1. Could you state how much accessible area residue 148 has, in square angstrom rounded to the nearest 10, with a 1.4 Å probe and all protein chains kept in place?
2. Defining a contact as two alpha carbons under 8 Å apart and six or more residues distant in sequence, what relative contact order in percent does the chain show?
3. Can you give me the accessible area per residue for the chain, using a 1.4 Å probe, in Å²?
4. Ignoring ligands, DNA and RNA, please state the percent of accessible area on the chain from carbon and sulfur, probe 1.4 Å.
5. Multiply the residue separation of residue 145 and residue 121 by 0.36 nm, subtract the distance between their alpha-carbon atoms, and state the gained length in nm to one decimal.
6. In a shell of Cβ-Cβ distance under 13 Å around residue 28, excluding residue 28 itself, what net charge do Lys and Arg (+1) and Asp and Glu (-1) give?
7. From zero up to wherever the largest Cα-Cα distance of the stretch 61-124 sits, split into 5 Å bins and tell me the percent of pairs in each.
8. Treating only the Cβ atoms of Lys and Arg (+1) and Asp and Glu (-1) as charged, compute the dipole magnitude of the stretch 120-171 about its Cα centre; round to the nearest 20 debye.
Amino acid sequence: MSVPSAAVAASQQVSTPASTPVSTPSQADLLDFVRRTAADPDLIASLPLDPEGRTWVRLEGPGGSEAWLIGWPPGTGTGWHDHAESVGAFVTAAGELREHSLAVRLPADGWKTLELTDDVDRSRHLPAGKGRSFGRHHVHEVLNESADRHAISVHAYYPPLPQIRRFSRSGPILRLEQVEQPEDWQ
C-alpha cells in the first residue's frame, strides 16, 4: 500500500469484524475479511476524507494480518508498487477504483531496470463491492479516476508488510525507484 506525504493519517486503530482463524490467513481469508469489512456502512462512514490527500486508518485484520481502510480523493493513486513477500486483498467500499497490474512475477532482488513484454499489462475496473486478492510480489497501481468523487477501500496483507518497492514506468521500462519500510507509512 502506498502512503504519499500529503495524506492525512488517523491516529487510532479501529476494531473490525475479524474472524478468528486457527491458522495463517490465506488470500481467500483476506478477501473474505475485506469484503465483510467493506460492507460495514458505519465503519466506511467513519473514515475522515480529505479533499487533496489520501486518508487511512489501520484496522485489526484476521490472524495477525495488517489491514487498512483508505480514502481516495478524486484523481489520486498509488503509483506502481508491490508488497514484497505478503499476499493481500482489497475491495472498493464506496466509489470506484481502477487497478493496473502486471501479469508477471518480478525478480525479488538484483535488478534496477526491466524491459517488460507487450502482453503483461492487465486492468480492472473495481466499483463498490468489487475487489481481488493477489499473491506475493504482485506489482500494481491503484487509481481513483473520478474527477469529483471520493472512493474508499479496505485492504489486508499477510504477513504484515515487511516493505513496499516503488517503481516508475515509461512504456515497457519498469524501474525500481525506492524501497519503503513500515516506519515510512505507519
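1. 130
2. Numbers: 477 pairs, mean separation 52.8, N = 186.
This gives 28 percent for the chain.
3. On the way: 8680 Å² over 186 residues.
In whole numbers, the chain has 47 Å² accessible per residue.
4. On the way: 4120 of 8680 Å².
C and S fraction of accessible area: 47 percent.
5. Numbers: separation 24, 0.36 × 24 = 8.64 nm, distance 1.80 nm.
Answer, rounded to one decimal: 6.8 nm.
6. Numbers: positive: 35, 36, 132; negative: 29, 32.
Computed value for this residue: +1.
7. Going out from 0 Å in 5 Å bins, the stretch 61-124 shows 3, 10, 20, 23, 18, 14, 9, 2 percent.
8. Values: 9 positive and 4 negative charges, 44 e Å.
For this selection, approximately 200 debye.
The values are calculated or read from the model by the stated rules, or taken from the named source; none is laboratory data. Predicted, not measured: the structure shown is a model, and the values here were computed from it. Because the Cβ atoms are built from the backbone with ideal geometry, glycine has one as well, and the counts that use them run over all protein chains shown. In case anyone asks, the SASA skips ligands and DNA or RNA and just uses the protein heavy atoms, side chains included. Shrake-Rupley method; radii C 1.70, N 1.55, O 1.52, S 1.80 Å.
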